[in-house]
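Below is one structure; the comments refer to it alone.
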Amino acid sequence: MKRFNYKAKDKKTGKTVKGNIQAENEQTAGRLLIEQGYIPQTVTEEGNGLLNNKGHVTAKDRITFTRQMATLIGAGLPLATSLRTVAEQTQSKTMKGIVEEVLAKVEAGKTLHESFAEHPDVFNGVYLALIKAGETSGTLDLALKRLADQEEKDAAMLSKIRGALVYPAIILVVIIAVLAFMMILVVPQVKGLYEDMGKELPGLTKFLVAISDFFAQFWWLVMIITGATIAGIYYYIKRTSSGRKIADAFKLKVPLFGGLFKKLYVSRFARTTEMMLATGVPMLDSVKIAIESTNNKVVEEEYSKSLEIIKGGKTLSEGLKERNYMLPLVPQMASIGEESGKIDEMLGKAATVYENELDEQINNISTMIEPILMVIMAGLIGVVIGGTLLPIYSLVSTVA
């Protein structure tokens, strides 16, 4: 798919308009312009298409796009017109390019689901499944609204988690800065003072001096090793399945945060299953996509065991029972829903319970971490002070 700049005349108004369009070639671009009510004057290739257009689509860009599409389609506008209107209003160049390419695909005869599927890095499995179900049932506007609502909730939850980590991060930076100041400026002065007086350094001070000298001489090596280590860990976690699995397992076991992540994954699973079932997606497909939406390989492997149980003819509640990392309220509410015929509604209520608990737990994280960090900071700074100020007091006493 290539991008073309065009200059054309509007058949209705007679005005000359300029813009760009996605198409396979110049002829296709011209035909699309004619179908849109324009008389092409010039059509020139701009570049090599969207796929080579580097950029990142943020969650905010996707939420805004989804909300606008839901509003326009709900108001009765045709799909192509809605896409064209959103493309004109979109501020993000990358998102604008994607919408234009989706528009070109739709005008060429593809469904919205098929057009979105060509951008899996932007529209995930949940998004595609709900769009497909909405197109099939004629409730595309409701599907888009559900997607926008859920993505806003997810974005707000992630923002709260990041916000809760800001204070601990600031404390760690302060600790590192204080230690660096003491090691770079104070420790060498203590060493010089002892050398001038011909005294032998205490054991703790010798240890601190050795560290200070090492960093002063090999700081460049430390930076290289640290940078290479961070880059290596990042690559291992992001680019390898084994690294991703280790990182996901760590999330579930790390103190203070393990329970939080478990509730996050359970609420995602329950909420996604609710959306899928409410939109008309079959049970097995709903559960499979909901499992993928947890975005944790360890949890996905464990939850996936329930699929075989459901395929064997048993209910969802039976499939979820005794699953690791599955909290008990979800299978209980699923069982109630199966009996009452409102399984999607019951799963939604379970998700709401865990989302509310997450909110409360996130708000308490900073309060819980603060005393721990203070103890760590006091201990580290105490060691440095013990190795610098106490020897100085000892020298003063000796001189006196």
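The values are calculated or read from the model by the stated rules, or taken from the named source; none is laboratory data. Owing to the predicted nature of the structure, the values given are computational and were not obtained by experimental measurement. Virtual Cβ from ideal backbone geometry, glycine too; neighbours counted across all protein chains shown.
Values for this structure:
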item	result
Verdict on residue 262 being closer than 30 Å to residue 230 by Cα and either part of a helix (DSSP H, G or I) or at pLDDT 90 or above (or both)	yes
Verdict on residue 272 being polar (S, T, N, Q), assigned to a helix (DSSP H, G or I), at pLDDT 85 or above and out of contact with any helix residue (DSSP H, G or I) (no Cβ under 9 Å at 6 or more places or on another chain)	no
Condition check for residue 286: in a helix (DSSP H, G or I) and in contact (Cβ under 8 Å) with a residue 12 or more places away in the chain	yes
Which listed residue is surrounded by fewer than 20 Cβ atoms within 10 Å (Cβ to Cβ), of a type outside the set (Ser, Thr, Tyr) and free of Cβ contacts under 8 Å to residues at least 60 places away in the same chain, from 312, 386, 337	312
One residue from 319, 348, 313 being assigned by TED's automatic domain parsing to the domain that holds residue 156, at pLDDT 90 or above and out of contact with any Ser or Thr (no Cβ under 7 Å at 6 or more places or on another chain)	348
Any chance residue 363 is surrounded by fewer than 20 Cβ atoms within 10 Å (Cβ to Cβ), touching an Asp or Glu at 6+ places or on another chain (Cβ under 7 Å) and in the same structural domain as residue 256 (by TED's automatic domain parsing)	no
In segment 232-276, the residues that are closer than 27 Å to residue 355 by Cβ, surrounded by fewer than 14 Cβ atoms within 10 Å (Cβ to Cβ) and touching a residue at least 12 places away in the same chain (Cβ under 8 Å)	256
Test result for residue 154, surrounded by 14 or more Cβ atoms within 10 Å (Cβ to Cβ) and in contact with a helix residue (DSSP H, G or I) (Cβ under 6 Å, 6 or more places away or on another chain)	no
Members of segment 210-247 found to be assigned to a helix (DSSP H, G or I), over 30 Å from residue 190 (Cβ atoms) and among the hydroxyl-bearing types (Ser, Thr, Tyr), listed by number	229, 234, 235, 236, 241, 242
Residue under evaluation residue 295, criteria (1) without any contact (Cβ under 8 Å) to a residue 60 or more places away in the chain; (2) closer than 24 Å to residue 143 by Cβ; (3) assigned to a helix (DSSP H, G or I), criterion not met	(3)
Residues (of a type in the set (Val, Ile, Thr) and either exposed (fewer than 11 other Cβ atoms within 10 Å of the Cβ) or free of Cβ contacts under 8 Å to residues at least 24 places away in the same chain (or both)) located in segment 192-214	209
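So that you can scan it fast, the table gives a plain yes or no per residue for (1) over 28 Å from the mean Cα position of the chain (by Cα); (2) surrounded by 16 or more Cβ atoms within 10 Å (Cβ to Cβ):
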{"residue": "117", "(1), (2)": "no, yes"}
{"residue": "182", "(1), (2)": "yes, yes"}
{"residue": "185", "(1), (2)": "yes, no"}
{"residue": "216", "(1), (2)": "yes, no"}
{"residue": "222", "(1), (2)": "yes, no"}
